[in-house]
Amino acid sequence: MPKPASRPKICDYEGSNYRTEFWEGKSRQYEDLVERAVLHRMLPNSGQRLLEIGAGFGRLTQEYHMYEQIVLLDYSLSQLQYAREQLGTSSRFVYVAADVYRLPFRPGVFDGATMIRVIHHMADVPSALRAIRRVLAPNAIFILEHANKRNLKAILRYALKRQQWNPYDLTPVEFVELNFDFHPEYVVQELKAAQFAPQERVPVSFFRLNVLKNRLPTNLLVGLDNVMQQSGLLYSPSIFVKSAATEDGVNNLNTDALFVCPETGAELKREGDTLISQANGLRWAIRDGIYDFKAPLDDAG
Ligand SMILES: C[S@@+](CC[C@H](N)C(=O)[O-])C[C@H]1O[C@@H](n2cnc3c(N)ncnc32)[C@H](O)[C@@H]1O
């Protein structure tokens with residue numbers, strides 16, 4: 001067996017008190033409501049199967065009600081267990097514990113995906129986006145939220161020399177281990193490289209300051225944020241990007257994914273210079289750059 005390539009580190013929420021501490025313990029109703037508002041505007045009227053990447057405890061899952069099926073994917077079993085307790089066992093919801101970088105799905109099986117408050121934990125954004133694109137059908141929509149390094153607070157702190165990193169520089173900044181802020185143009189650049197066509201960007205959460213949240217009614221702040229969301233000023237702490245998976249997905253260019261087993265039609269997996277049928281183990285050689293499907297290899301190879 002070939003050794004697995006080294007993998008990006010994962011920010012593991014297993015057993016964390018993310019729900020009770022981050023959302024319920026702190027007053028984050030404002031952030032929650034503005035995120036729901038922008039999702040509401042970006043989501044289509046109907047859809048078949050949505051992949052909610054890094055679904056956590058299912059905080060936002062009900063927003064995706066227009067999809068016939070929602071697959072909640074998260075690395076943390078305990079987050080998913082809570083989500084399942086809340087959302088129930090109907091076949092509309094599928095709960096999957098897995099890693100974004102190694103998604104356990106066939107290519108092109110989703111017509112929608114969302115990833116909210118997750119990419120800031122990704123040390124390898126290009127790999128994560130490629131993995132997501134692989135499982136999306138052409139023209140599927142992808143709604144991505146990312147933390148914005150070019151936000152007003154960072155700009156001010158940089159101008160006053162209270163912060164070393166440059167908010168205008170495209171390189172992601174890791175402010176705490178496995179916590180990254182991204183420049184809006186970097187995100188667009190990486191989306192395009194992964195065969196996504198960005199369509200719309202919305203700045204969100206302009207008033208994420210305790211001094212305002214403690215003094216002003218939440219509804220007022222949410223209303224003001226809704227106005228600012230239309231401004232197109234990409235200087236807020238959080239940005240939502242809606243993209244479409246392009247027709248020429250990376251998946252289509254992966255030569256190995258062209259083939260199925262000529263005997264059974266089953267999917268093939270590459271191992272070294274061999275393609276192996278997932279169903280019955282039949283093996284097919286790649287000899288001197290030629291895929292040889294004339295006859296399967298016998299056990300001796
Ligand atoms: C900040 S929470 C966001 C949860 C949810 N999207 C929300 O907005 O409430 C980040 C989630 O991403 C998940 N996560 C982080 N890295 C992951 C990875 N490599 N694969 C799958 N899930 C991951 C964590 O387990 C955690 O539940």
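The values are calculated or read from the model by the stated rules, or taken from the named source; none is laboratory data. Computed from a prediction, not measured in an experiment: that's the story for all the values here. Quick reminder, even Gly has a Cβ in these numbers, built from the backbone with ideal geometry, and neighbours come from all protein chains shown.
Results for (1) modelled with pLDDT under 95; (2) on the phi < 0 side of the Ramachandran plot; (3) out of contact with any Phe, Trp or Tyr (no Cβ under 9 Å at 6 or more places or on another chain), shown as yes or no for each residue.
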| position | (1), (2), (3) |
| --- | --- |
| ASN210 | yes, yes, yes |
| ASN214 | yes, yes, yes |
| LYS242 | no, yes, no |
| GLU247 | yes, yes, yes |
| VAL250 | yes, yes, yes |
| GLY272 | yes, no, yes |
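Considered as a group, the residues in the range 52-86 that are buried (at least 18 other Cβ atoms within 10 Å of the Cβ) and away from the ligand (no atom under 11 Å from the Cβ) include one that is nearest to LYS242 (Cα to Cα), and that residue is TYR64. Against the list (1) outside any helix (DSSP H, G or I); (2) under 22 Å from GLN229 (Cβ atoms), the condition GLU35 fails is (1).
When residues in the range 26-51 are screened for being farther than 25 Å from PHE142 by Cβ and away from the ligand (no atom under 14 Å from the Cβ), 2 of them pass.
Condition test on PHE180, is it modelled with pLDDT of 95 or more, in a loop (DSSP other than H, G, I, E, B) and either among the polar types (S, T, N, Q) or assigned by TED's automatic domain parsing to the domain that holds ILE53 (or both)? Judged against the criteria, PHE180 is not a match.
Go through the range 87-119 and report how many residues are away from the ligand (no atom under 11 Å from the Cβ) and over 22 Å from LYS9 (Cβ atoms).
Qualifying residue count for the region: 18.
Restricting attention to the range 3-25 and to residues that are more than 10 Å from the ligand (Cβ to nearest atom) and assigned to a loop (DSSP other than H, G, I, E, B), the residue that is farthest from ASN139 (Cα to Cα) turns out to be GLY25.
Taken over the range 126-159, residues that are in a helix (DSSP H, G or I) and in contact with a Pro (Cβ under 7 Å, 6 or more places away or on another chain) amount to 6.
With among the aromatic types (Phe, Trp, Tyr) and either over 20 Å from the mean Cα position of the chain (by Cα) or surrounded by fewer than 18 Cβ atoms within 10 Å (Cβ to Cβ) (or both) as the only criterion, which of PHE206, PHE240, PHE182 stands out?
Values: PHE240 fails: either over 20 Å from the mean Cα position of the chain (by Cα) or surrounded by fewer than 18 Cβ atoms within 10 Å (Cβ to Cβ) (or both); PHE182 fails: either over 20 Å from the mean Cα position of the chain (by Cα) or surrounded by fewer than 18 Cβ atoms within 10 Å (Cβ to Cβ) (or both).
That would be PHE206, the only listed residue that is among the aromatic types (Phe, Trp, Tyr) and either over 20 Å from the mean Cα position of the chain (by Cα) or surrounded by fewer than 18 Cβ atoms within 10 Å (Cβ to Cβ) (or both).
Residue pairs whose Cβ atoms lie under 7 Å apart, separated by 6 or more positions or on different chains, with the first residue in the range 5-24 and outside the structural domain of ALA83 (by TED's automatic domain parsing) and the second within 7 Å of the ligand (Cβ to nearest atom) and charged (D, E, K, R), are ILE10/ASP99.
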